[in-house]
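Peer 1: Take a look at the following structure, please.
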Amino acid sequence: MNIIVIGAGKIGKALTKSLREEGHDVVVVDISEQRVDRIVEEQDVNGICGNGTHCDVLKEAGVHNAYLVIASTFSDEINILCCIIARKMGARHAIARVRGPEYVRQFDFMKNDLKISMMVNPDMSVATEISRILKFPAAASYETFANGKIDMIEVAVKSGNVIIDKPVREISQIYGNKFLICAVRRGEEVFIPKGDFVIREKDSIYISGPHKSVVNILKDMGMMKNRIKSVMIIGGSRIAHYLTMILIKAGMDVTIIEKNSERCRFLSDNLSDARIVLGNSADHNLLIEEGIDKCDAVVTVTDSDEANFLVSMYAQTFEVKKLVTKINEPEFFQLYNKIMGESAISLSQVTSATITKYLRSKMNVNGDEMKSLYKLMQGKIEAIEFIAPSDADYLSKPIHTLKFRKDVLIAAISRKRKIFFPTGDDMIEAGDSVIIVTKGSAIRSLKDIFV
C-alpha cells in the first residue's frame, strides 16, 4: 500500500519503520530538510521537504494514490488540517495524531463530517497502559484479551524461581495446564517456545491465562506483589495528567514532581486530589523529602529518556516496589531492559501498534475481526486477538490436521464463557475469540497463521 507519513519526529520515525517492515511503500513529508534526509537514509523511503498542509506538497507525495495518510506533527491543528486536505485530494484513509482531549471528544464529528478515519492520542494510550501495569505490579507489561477474560503478562525469571531449568511442558503440567508460556526473551533473542523449551534464570516470559489462574500461579512462584497504593510521578506531562486522573479514580495517592511553575499551576488547577510539587527530579534531596523511599511506585514520564532512566535507577536503590519508565529511543530501551529488568514503555511503540492494528484490519478481506494487537518485546513479538468468521475452511477441524506457519502459537481460545489452551484435538469454531502469538510475521487474519 502507498502510505504518506507527515512529520518525521520520534513517532513519525517509529511509524515509518513499522510500515516499511509491513511491506508498505512510504513517503515521508516534513518541513525540516535535515529530518527528511536522515529518515530517507536510515529507512530507505522516499522523502519530501515541505508543509503537509500545502496541496502541491501532498500532490508531489502522491496523495491521490495514497491508501493512508498519517499526520504526526507536533501540532494537533496541523495534523487535523493535513487529514482533511488529504481526504479531499483523494486519500482513502487519514489518521491524525492528537494530544488535546478536546479533539478526542469531538471524534464523531471529525469522522462523520470531516472524514478523518481515526484519531490517535499517544499520551492517553500510554497512560492507560501504565495504569494497567500499576494495577498488576508483578508484571513488567500487562495486556488483556477477550473483554478482560484473558491476561497476558510479562515477568522476569529471577534466582530461586521453581521453573528454572524446567521445560515448558513440565511447567504447564505442574500447574495443571491452567496457563501457557507463549513467548520468551533471552538476552537479545526472542522465542515462541515449544514444549521442550527450557526456561533459564534471567529469562523474561509472557504468560497467558484467565486472571485468577495467572494470579495464583504468580503467588505459587513467589512473584506476586502487594497492591500499589501510593505513586510518585516524575514529570508533569500530558501522560502524567491522564495517568493521575485514572489512578485517583482507582483510589491511589499521587504525587507529581514538575520543574515548570506554569505547568504546576495548570496541574494544581485540574488535579485537586493530587499533590503537585514544584522541583527538579535531579535534586535527590527533594525526592527524599517528598517520599520516594516510602512510595509503592515511581513512574518517570519526562521528555528526556536519560532523566527517566537515572531517576528510575535512583528509585531502585530504595527498593521501590514498582518502577515504570518511559523510554522512546530503541537503544535506551534495550539498555534499560538489560540493566533494570523493570517495566519500560515507549510512546512510539504504543502509537505504532494502534495504527498497525487499524491498517491490518482495513486490509483484511477474510471476514474475521481483529480485536486487539499488541507489540511485545520491542516489537519482535506480536499478540493478536481475532474473532473467527463463520465460513473459513479451517473451522471445525482438529488443530493437529492444520499446518501452521513457523513461530506461530495459539495462546488461548475463548468460547462463550469457556477459556482453554487448545490441544491437537481441539478445533476453532465460528465466533471464537482466538489469541495468537507470532514472531516476525505480519498477520492480518486468522487465515494467515496457516501454511
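Peer 1: Suppose we filter the stretch 302-332 for residues that are open to solvent by 50 Å² or more (accessible area, probe 1.4 Å), assigned to a helix (DSSP H, G or I) and either among the polar types (S, T, N, Q) or farther than 22 Å from residue 15 by Cα (or both); how many remain?
Peer 2: Qualifying residue count, the stretch 302-332: 4.
Peer 1: Looking only at the stretch 395-451, how many residues end up being assigned to a loop (DSSP other than H, G, I, E, B) and free of Cβ contacts under 8 Å to residues at least 24 places away in the same chain?
Peer 2: Result for the stretch 395-451: 4.
Peer 1: Please find, among 60, 77, the residue that is free of Cβ contacts under 8 Å to residues at least 12 places away in the same chain and not hydrophobic (A, V, I, L, M, F, W, C).
Peer 2: Of the residues listed, the single one that is free of Cβ contacts under 8 Å to residues at least 12 places away in the same chain and not hydrophobic (A, V, I, L, M, F, W, C) is 77.
Peer 1: If we keep just the residues of the stretch 246-264 that are touching a residue at least 60 places away in the same chain (Cβ under 8 Å) and buried (at least 19 other Cβ atoms within 10 Å of the Cβ), which is nearest to the chain's Cα centre (by Cα)?
Peer 2: That would be 247.
Peer 1: Give me the residue from the stretch 217-243 that is of a type outside the set (Lys, Arg) and in contact with a Gly (Cβ under 9 Å, 6 or more places away or on another chain) and, out of that set, most open to solvent (accessible area, probe 1.4 Å).
Peer 2: For the stretch 217-243, the residue satisfying everything is 222.
Peer 1: I'm checking my understanding of the structure. Among residues of the stretch 96-137 that are of a type in the set (Ser, Thr, Tyr) and within 20 Å of residue 324 (Cα to Cα), which one is surrounded by the fewest Cβ atoms within 10 Å (Cβ to Cβ)?
Peer 2: 128
Peer 1: Looking only at residues that are open to solvent by 20 Å² or more (accessible area, probe 1.4 Å) and among the small types (Gly, Ala, Ser) in the stretch 12-61, which one is nearest to the chain's Cα centre (by Cα)?
Peer 2: 14
Peer 1: Further, regarding this structure: Considering the stretch 394-433 alone, what residues qualify as being touching a Ser or Thr at 6+ places or on another chain (Cβ under 8 Å) and either within 13 Å of residue 149 (Cα to Cα) or of a type in the set (Asp, Glu) (or both)?
Peer 2: Correct list: 407, 412, 413, 414, 415, 429, 432, 433.
Peer 1: For the stretch 124-141, how many residues meet the condition of being in contact with a Phe, Trp or Tyr (Cβ under 6 Å, 6 or more places away or on another chain) and within 30 Å of residue 319 (Cβ to Cβ)?
Peer 2: Residues that pass the stated criteria total 4.
Peer 1: Against the condition surrounded by 15 or more Cβ atoms within 10 Å (Cβ to Cβ), in contact (Cβ under 8 Å) with a residue 40 or more places away in the chain and not in a helix (DSSP H, G or I), how does residue 163 come out, does it pass?
Peer 2: The answer is yes for residue 163.
Peer 1: Something else: Does residue 345 fit the bill of being modelled with pLDDT of 90 or more, over 16 Å from residue 443 (Cα atoms) and among the β-branched types (Val, Ile, Thr)?
Peer 2: Yes.
Peer 1: Please go through the stretch 191-216 and give me each residue that is β-branched (Val, Ile, Thr), open to solvent by 10 Å² or more (accessible area, probe 1.4 Å) and touching a residue at least 24 places away in the same chain (Cβ under 8 Å), ordered by number.
Peer 2: Matches in the stretch 191-216: 192, 198.
Peer 1: While we're here: From the list 358, 374, pick out the single residue that is open to solvent by less than 40 Å² (accessible area, probe 1.4 Å) and in contact with a strand residue (DSSP E or B) (Cβ under 6 Å, 6 or more places away or on another chain).
Peer 2: 358
Peer 1: Here's a follow-up. Can you pull out the residues in the stretch 268-301 that are open to solvent by 60 Å² or more (accessible area, probe 1.4 Å), more than 26 Å from residue 346 (Cα to Cα) and either among the aromatic types (Phe, Trp, Tyr) or not in a helix (DSSP H, G or I) (or both)?
Peer 2: Passing the criteria: 272, 273, 294.
The values are calculated or read from the model by the stated rules, or taken from the named source; none is laboratory data. Quantities reported herein were computed from a predicted structural model and do not represent experimental measurements. With ideal geometry, Cβ positions are generated from the backbone for all residues, glycine too; neighbour counts draw on all protein chains shown. Please note that ligands, DNA and RNA were not included when accessible areas were found on the heavy atoms of the full protein model with its side chains. Shrake-Rupley method; radii C 1.70, N 1.55, O 1.52, S 1.80 Å.
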